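> Have a look at this one before I ask anything.
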Amino acid sequence: MKTAVQLSKELRAREITATSLIESTYKNIESTDDKINAYMTLLKERALEQAAQVDKQFDKGNELSPLAGIPIAIKDNICIKDTRTTCSSKMLENYISPITSGAAQRCLDAGIIPVGKANMDEFAMGSSTENSAYFTSKNPWDLDYTPGGSSGGSAATVAAGQVPLALGSDTGGSVRQPASFCGVVGAKPSYGRVSRYGLVAFASSLDQIGPVTRTVEDTAHLLNVICGHDKRDATSLDLEVPDFTATLNQDIKGLKFAIPNELMSDIISDDIKEKVMDALEVIKAQGATFDFVSMDSLKASIATYYILAPAEASANLSRFDGVRYTNRADDISNLKDMYTKTRGEGFGAEVKRRIILGTYVLSSGYYDAFYLKAQKARTLIKNDFNKIFDKYDAILSPTTPTTSFKFGEKDKDPIKLYMCDIATIPANMAGLPGMNVPCGFSNNGMPIGFQIVTKALDEATMLRIGHRYQQVTDFHLKNPEMNYV
Ligand code: GLN
């Protein structure tokens, strides 16, 4: 399984062509994806056309972006013009997007080739892809286990070696948690770094698009491509984006890390704590130091998130009404009937649960008690982070409280599933960059990862720490055996 950087070298040396790379990518997907189920839609024809264009440019000796010609999977809530965007929902079964999202456009402009749209939890709500209205994606390390979610397809396809790059979206952990479950790198950039234009909105104040790759180096390259201002997204930051690859190889001597006690307590399983402690020792040997600290507000993060995210979702999803975008229910007698039947048939149980919850916390009489209080809790979480960053360069912790679980283990109990994001949600609340880096395996052979969170806009330090760790460890080089194929 080659990384994007390795493939890029082969392309540049003309040892392979973009066309042959895309052809072999589809061969691999065709032989493995009946087991992994990573894709909602494949984009073979347009991918081959784009590959031919990239090859022409290489032949002319044109200067191309380092990732030109590399295949990528795009989560199915990120729009590409004239292709299907379902959000893994029945509501958008036949929806063809008239626009290309800011992030996908930057990939296309760099010559990166989208090979397919990756399966996900419906409208990005979930932690296992079991909420996809179509099928569940499987964890390549063991097909009985979930790949995590909601960007489960994106993480599974990278872990299975189908593609070296994928894009996911992360509202409360949906890039980092599946990356951790599948043993790959997954990063959420700072809020505002990557355009949300053309990302189907779940909770707009938390949503960010982020890369899934096998190495931190590949993540740095992909962030170089997708970060940057987009005037079509009012929250997009109009700031210069540093070259994230330029500082990757700087050492981490003298950096100071904080480890929140709240994320090393008994809510985290022992095997994860053990491997994260091992990772901390490796990092310490590179000249960094760490202290255990208390971040009391983290305890409130799940409760806060499950008020704010559903509140925003209830507003965002009101556009799916049978008039615009959507499949309209048959057999309707009046306007109200159209709304209720269309939304009743189109949304799955978890999406309905969030809409009901969100509508409730925003309704008059409950707004102050729930929504406003949650906004205040969000401020406390942000303040807690600021205090830590006065003294420390990064916060390290487990990415998830447990390793991947079997299908059906948590889908009857939403609260159990919600707990998966206890370590990832805080970074969304505070708009901070966060990244999962693989750091070992549990006794049953499932991957474990640790999370690096840095100050807003300091992706460079996050990447540098992760890259240094990967230079002295080999967890990211381990591949699932996939003897089921
Ligand atoms: N698992 C969380 C949820 O269900 C986070 C989802 C996400 O980041 N998109 O809401």
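The values are calculated or read from the model by the stated rules, or taken from the named source; none is laboratory data. All figures in this text were calculated on a predicted structure; none of them were measured in a lab. Please note: Cβ atoms are built from the backbone with ideal geometry, for glycine as well, and neighbour counts cover all protein chains shown. With ligands, DNA and RNA removed, areas are computed over all heavy atoms of the protein, side chains included. Shrake-Rupley method; radii C 1.70, N 1.55, O 1.52, S 1.80 Å.
> If you count the DSSP beta bridges with both ends in segment 159-299, what percent of them are antiparallel, to the nearest 5?
65 percent
> Positive end of the charge dipole of segment 181-305 (Lys, Arg +1 and Asp, Glu -1 on Cβ, about the Cα centre): tell me which of F290, G198, P242 has its Cα farthest that way.
Value: G198.
> I would also like to ask the following. Once you have a ≥ b ≥ c as the square roots of the Cα gyration tensor eigenvalues for segment 371-485, tell me rounded if a/c is under 1.5, and otherwise prolate or oblate according to whether a/b is larger than b/c.
Note, shape of segment 371-485 comes out oblate.
> Which one of M338, P164, G116 has its Cα pushed farthest toward the positive end of the charge dipole of the chain, where Lys and Arg give +1 and Asp and Glu give -1 at the Cβ?
Ranked along the dipole, the leading option is M338.
> Of all beta bridges DSSP finds with both residues in the chain, what is the antiparallel percent, to the nearest 5? Write out the running numbers ahead of the final one.
Values: 30 of 45 bridges.
Approximately 65 percent, going by the DSSP bridge assignments.
> Placing +1 on the Cβ of each Lys and Arg and -1 on the Cβ of each Asp and Glu in the chain, which of T129, G183, S314 has its Cα farthest towards the positive end of the resulting dipole?
So the residue furthest toward the plus end is S314.
> Under a cut-off of 18 Å between alpha-carbon atoms, report the aspartates and glutamates in cross-link reach of K406, not counting same-chain residues fewer than 8 places apart.
D121, E130, D142, D144, D271, D421
> Also: Hey, with R₀ at 41 Å, roughly what FRET efficiency would S363 and K60 work out to, going by the Cβ-Cβ distance, to 0.05?
0.10
> Equivalent-ellipsoid semi-axes (√(5λ), Cα gyration tensor) for segment 426-485, whole Å, largest first?
Over the Cα atoms of segment 426-485, the semi-axes work out to 27, 14, 9 Å.
> How compact and how long is segment 48-134, expressed as Rg and Dmax of its alpha-carbon atoms in Å?
Rg and Dmax of segment 48-134, Cα atoms, are 15.0, 47 Å.
> When you count, for each residue, the other Cβ atoms within 10 Å and take the mean per peptide, how do 439-450, 269-280 rank with the highest first?
In decreasing order of mean packing, 439-450, 269-280 become 439-450, 269-280.
> Here's something else I'd like to know. Find the relative contact order for segment 253-395 and round it to a whole percent, using C-alpha pairs within less than 8 Å whose residues are 6+ positions apart.
Value for segment 253-395: 36 percent.
> Okay, moving on. Taking all protein chains in place and a 1.4 Å probe, what share, in percent, of the accessible surface of the chain do carbon and sulfur account for?
Percent of accessible area from carbon and sulfur atoms in the chain: 50.
> Need one word for segment 4-72: rounded, prolate or oblate. Basis is the Cα gyration tensor (sqrt eigenvalues a ≥ b ≥ c); a/c below 1.5 gives rounded, then a/b vs b/c decides.
Here segment 4-72 falls in the prolate category.
> Stretched out fully, how many nm does the piece from D142 to V282 gain, at 0.36 nm a residue minus the Cα gap?
Gain on stretching D142 to V282: 47.6 nm.
> A follow-up question, please. Compute, for segment 107-218, the length of the dipole vector about the Cα centre, with Cβ point charges of +1 (Lys, Arg) and -1 (Asp, Glu) only. Units Debye, rounded to 20.
The calculation lands at about 200 debye.
> Sticking with this structure for a sec: Please grab the % of Cα pairs in segment 271-388 that end up more than 21 Å from each other.
Details: 4131 of 6903 pairs.
For segment 271-388, the share of Cα pairs beyond 21 Å comes to 60 percent.
> Work out how much length A349 to E10 would gain on full extension: take 0.36 nm times their residue separation and subtract the Cα-Cα distance, in nm to one decimal.
Additional length available on full extension: 117.4 nm.
> Still on this model: Using alpha-carbon pairs under 8 Å, 6+ residues apart, how would you state the relative contact order of the chain in percent?
18 percent
> What whole-number value in Å² describes the accessible area per residue of the chain for a 1.4 Å probe?
Working: 18230 Å² over 485 residues.
In whole numbers, the chain has 38 Å² accessible per residue.
> Sticking with this one: Want the number for K44 to K2: 0.36 nm per residue separation, take away the alpha-carbon distance, what's left?
Value of the extension gain: 13.1 nm.
> Placing unit charges on C-beta atoms (Lys and Arg positive, Asp and Glu negative, everything else neutral), compute the dipole magnitude of segment 1-83 about its Cα centre in debye, rounded to 20.
Dipole size: approximately 220 debye.
> Taking the square root of 5 times each eigenvalue of the Cα gyration tensor, what semi-axes in Å does the equivalent ellipsoid of the chain have, largest first?
31, 29, 21
> Starting from the 7 Å offset along Cα-to-Cβ, what nm value, one decimal, do you get for the label separation of K35 and L477?
Rounded to a tenth, the inter-label distance reads 2.4 nm.
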